[in-house]
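These notes concern the structure reproduced below.
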Amino acid sequence: GGVAPRLDAANNVIRGGDGLPVFDPITSLERLQRTLDLQRLGFTGAALVTRGGGAAQFTLSGGETEARVSQFDFGGFFQDEWKLRPNLLLTLGLRYENQSNLSSHVNLAPRIFFAWAPGGTTTGSMLGGGNQPKFVIRGGFGIFYDRFGENGTLQALRFGGDGQDRFVVDNPDILGNIVLTPTGVVPGSIPTVGQLSAFLQPQTITRVADNLEAPRTILTALQVERQLPKNFTVFAVFFNYRQQRVFRQRNVNACLPGTFVRGVSCDRPDDTQGDIYQYESTGKFNDYRLQAGVRNQLRPGFSLFANYNTGKATADTDCIFGGLGGCFPADSYDLSGENGRVAFFSRHQVFIGGNIAIPKLKLSLNPFVTARTG
């Protein structure tokens, strides 16, 4: 997809008053259709690409067919719970985590949790049930760590510059000669590794930064729950999910700004190398969330509830929760514009539901309505 030059009836590029091509938005399917039409008319190579046809990029890997990775994880913890008073519960714990294929080894994760029921005789259960206090406050704080998956190490082993070669090509002379059909690519038109090597295309390398660390998450939460007359219970939960050292994949040898000329050349920090995709732990993720709700057991077998959730979640990388895909920034040399709202979190969400039991039919109905902003 993207943009393509506007063509006249003779398939020549239309130019504006300034002499530059006029571009229009185009979908991937439209680009494929344009490619098929132009190929039928005999256009190949750069002539095809300059008219908005052909593939935008071609990748091919060759070399050693097998790569192996080994990884060891360790996690140990201790935790204890104290009932300081019948209505006051305190839990303390400490966890230590470590893994191979990573440079961070001091991954200590303390956590603390309390439950307090002012005026009550028990702290009850977070799952509800009998003997629940009328008013309870719960809170907690903890540190957690994500793993660096073995797939990241495997990619660095496969494409570290030896064993396997990966060609990433945007040369119009190569792309324009790849013959596409409605059912796929004509195999004989795909360039071989030997043919690609003749173009002296720099190899794309994947590597892991020497100082890569495990992403660290700091979770803080506070919950207040209150029973009201007529079997109503209201609650509110606030929590902050803050993650540091989030994974990112950056091209550390990308073309320097202002030096890229398509199909010609560009200046790089190391001109003897091509693109170098490096896994780093330089991102951040911050999630503030407030949830409030009400529930009521109107009678045995008939209950209703309603929850409202709001907050704000921002990040400067898409590799949250230990993910390793889609982590490239728009500009490998300037990360200042990367931070923004995450795609999976809506600012406002409402969930209303209930449970209706029909014992005679041995049937349970669970109707619900959910609504959220974009």
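Things worth noting here:
Yes or no, residue by residue, for (1) under 29 Å from Gln223 (Cα atoms); (2) surrounded by 14 or more Cβ atoms within 10 Å (Cβ to Cβ); (3) without any contact (Cβ under 8 Å) to a residue 24 or more places away in the chain:
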| residue | (1), (2), (3) |
| --- | --- |
| Leu92 | yes, yes, yes |
| Ser104 | no, yes, no |
| Pro133 | yes, yes, no |
| Leu154 | no, yes, no |
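- So Val69, is it open to solvent by 40 Å² or more (accessible area, probe 1.4 Å) and in contact (Cβ under 8 Å) with a residue 40 or more places away in the chain: yes
- Cβ pairs under 6 Å, 6+ apart, first in segment 25-40 and open to solvent by 60 Å² or more (accessible area, probe 1.4 Å), second among the hydrophobic types (A, V, I, L, M, F, W, C): Pro25/Val3
- Those strands (runs of 3 or more DSSP E) lying entirely in segment 327-374 with at least 2 residues of a type in the set (Asp, Glu): none
- If you filter segment 34-89 down to residues that are part of a helix (DSSP H, G or I) and polar (S, T, N, Q), you find that the one that is nearest to Gly124 (Cα to Cα) is Thr35.
- If you check Arg295, Arg372, Arg341, Arg347 for being open to solvent by 70 Å² or more (accessible area, probe 1.4 Å), over 29 Å from the mean Cα position of the chain (by Cα) and of a type in the set (Lys, Arg), only one passes: Arg295.
- Residues in segment 1-15 that are out of contact with any Phe, Trp or Tyr (no Cβ under 8 Å at 6 or more places or on another chain) and modelled with pLDDT of 90 or more: 8 in all.
- Whichever residue in segment 106-118 is of a type in the set (A, V, I, L, M, F, W, C) and under 13 Å from Gly142 (Cβ atoms) and, among such residues, is least open to solvent (accessible area, probe 1.4 Å): Ala109
- Take the conditions (1) open to solvent by 70 Å² or more (accessible area, probe 1.4 Å); (2) free of Cβ contacts under 8 Å to residues at least 60 places away in the same chain; (3) outside any strand (DSSP E or B); Asp270 misses just one of them, which is (1).
- Residues located in segment 43-58, provided they are among the polar types (S, T, N, Q) and either within 30 Å of Gln99 (Cβ to Cβ) or in contact with a Gly (Cβ under 9 Å, 6 or more places away or on another chain) (or both): Thr44, Thr50
- Test result for Leu304, loosely packed, with under 14 Cβ neighbours inside 10 Å and not polar (S, T, N, Q): no
- Taking (1) modelled with pLDDT under 90; (2) not in a strand (DSSP E or B) in turn, Thr317 satisfies each apart from (1).
- In a residue-by-residue description of segment 211-220, the property of being open to solvent by 50 Å² or more (accessible area, probe 1.4 Å), under 30 Å from Gln132 (Cβ atoms) and in a strand (DSSP E or B) applies to at least one position.
- Residues in segment 75-103 that are farther than 19 Å from Ile143 by Cβ and among the basic types (Lys, Arg): Lys83, Arg85.
- Boolean, Thr121 is surrounded by 14 or more Cβ atoms within 10 Å (Cβ to Cβ) and not in a strand (DSSP E or B): no
Listed here are the residues, each with its yes/no results for (1) closer than 30 Å to Asp316 by Cβ; (2) surrounded by 18 or more Cβ atoms within 10 Å (Cβ to Cβ).
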position	(1), (2)
Phe167	no, yes
Thr181	no, no
Gln227	no, no
Pro257	yes, no
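The values are calculated or read from the model by the stated rules, or taken from the named source; none is laboratory data. Predicted model only: the values in this text are computed from it and were never measured. Neighbour counts run over all protein chains shown; Cβ positions are idealised from the backbone, glycine included. Quick note on the areas: whole protein, heavy atoms, side chains included, nothing else; ligands and nucleic acids left out. Shrake-Rupley method; radii C 1.70, N 1.55, O 1.52, S 1.80 Å.
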